[in-house]
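Participant: Input: one structure, supplied below.
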């Protein structure tokens, strides 16, 4: 156990000092310092300096950057060197998993810190309270941790550059599916209209395709889709700062009488455990 802890500590230190991790922090810091906001047309993803504005960006960046980091470990035979030192498949996977989860979670946390610090320095009104900010950040730390688990598991099971491509494709497709589901569930304009009530050209397809309030059955199905997909939860985070308690009741799958989306934490926890246990069982039968 002590040996595994030391390995986890070393892996975490290596990844947070890596160019992959530091580059993502630099991007987030630049967005907040310059108060940038915008849209990436190819991926249909938004980013900005507001609260929880960058969860989509973080999701795609960790899918690309962290998967590439792990595959490089296999390509340069760093993993094989650790096996020679006496570590087994499970220890190597768990150490990478914990390191990836901590690094990914810290990006969501730092994005929150950058937001509050920037608003404090500029003496501007916050779009959320500190309690709500910390609580909702923790919820999406759980979400991003689940996505990090998917990335780590895919990379350890495939171990080629195909894993990097798969991680990116899955994130983009799933986020865009979430975009449609969230837009339908939340009455469209709440999420996709700017403060000045002008609709962006990038969002007109949503408004053209979805113009009616969803039925009770559709609402339940949409809540289920969003709840069981960490990627769709990420897209839901873009709407979260505008969500009232009355709306939240209609936007939860099974924990409705609570101010926060505890159902996300529960599902993410279950998915994380199932994914990691399944990967461990498969790795027991494989040679790295």
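Participant: When you check residue 132 against the structure, is it under 30 Å from residue 263 (Cβ atoms), surrounded by 18 or more Cβ atoms within 10 Å (Cβ to Cβ) and under 23 Å from the mean Cα position of the chain (by Cα), yes or no? Don't jump to the end; show me each part of the working.
Facilitator: Numbers: under 30 Å from residue 263 (Cβ atoms): yes; surrounded by 18 or more Cβ atoms within 10 Å (Cβ to Cβ): no; under 23 Å from the mean Cα position of the chain (by Cα): yes.
In short, no.
Participant: Follow-up. Within region 260-286, count every residue that is assigned to a loop (DSSP other than H, G, I, E, B), exposed (fewer than 14 other Cβ atoms within 10 Å of the Cβ) and touching a residue at least 24 places away in the same chain (Cβ under 8 Å). Break it down into steps so the answer makes sense when it comes.
Facilitator: Of region 260-286, the ones assigned to a loop (DSSP other than H, G, I, E, B) are 260-261, 284-286.
Filter again for exposed (fewer than 14 other Cβ atoms within 10 Å of the Cβ), leaving 284-286.
If we keep only those that are touching a residue at least 24 places away in the same chain (Cβ under 8 Å) as well, we get 284, 286.
Counting residues in region 260-286 that are assigned to a loop (DSSP other than H, G, I, E, B), exposed (fewer than 14 other Cβ atoms within 10 Å of the Cβ) and touching a residue at least 24 places away in the same chain (Cβ under 8 Å) gives 2.
Participant: Let me ask another. Residues that are surrounded by 13 or more Cβ atoms within 10 Å (Cβ to Cβ), at pLDDT 90 or above and under 30 Å from residue 287 (Cβ atoms): does region 209-228 have at least one?
Facilitator: The answer is no; no qualifying residue exists.
Participant: Among the residues of region 141-167, what is the count of those that are part of a helix (DSSP H, G or I) and more than 29 Å from residue 243 (Cα to Cα)?
Facilitator: Count: 15.
Participant: Of all residues in region 1-31, which are in a loop (DSSP other than H, G, I, E, B) and touching a residue at least 60 places away in the same chain (Cβ under 8 Å)? Can you show your working first?
Facilitator: First pass over region 1-31, keeping only residues in a loop (DSSP other than H, G, I, E, B): 1, 17-18.
Across region 1-31, there are no qualifying residues.
Participant: Select from region 229-259 the residues that are free of Cβ contacts under 8 Å to residues at least 60 places away in the same chain, under 19 Å from the mean Cα position of the chain (by Cα) and assigned to a loop (DSSP other than H, G, I, E, B) and list them in ascending order.
Facilitator: The answer is 229, 239, 252.
Participant: Looking only at region 243-258, count how many residues are loosely packed, with under 13 Cβ neighbours inside 10 Å, in contact with a helix residue (DSSP H, G or I) (Cβ under 7 Å, 6 or more places away or on another chain) and under 22 Å from residue 55 (Cβ atoms).
Facilitator: 0
The values are calculated or read from the model by the stated rules, or taken from the named source; none is laboratory data. In this text the structure is predicted, and so the values were computed from the model without any measurement. Virtual Cβ from ideal backbone geometry, glycine too; neighbours counted across all protein chains shown.
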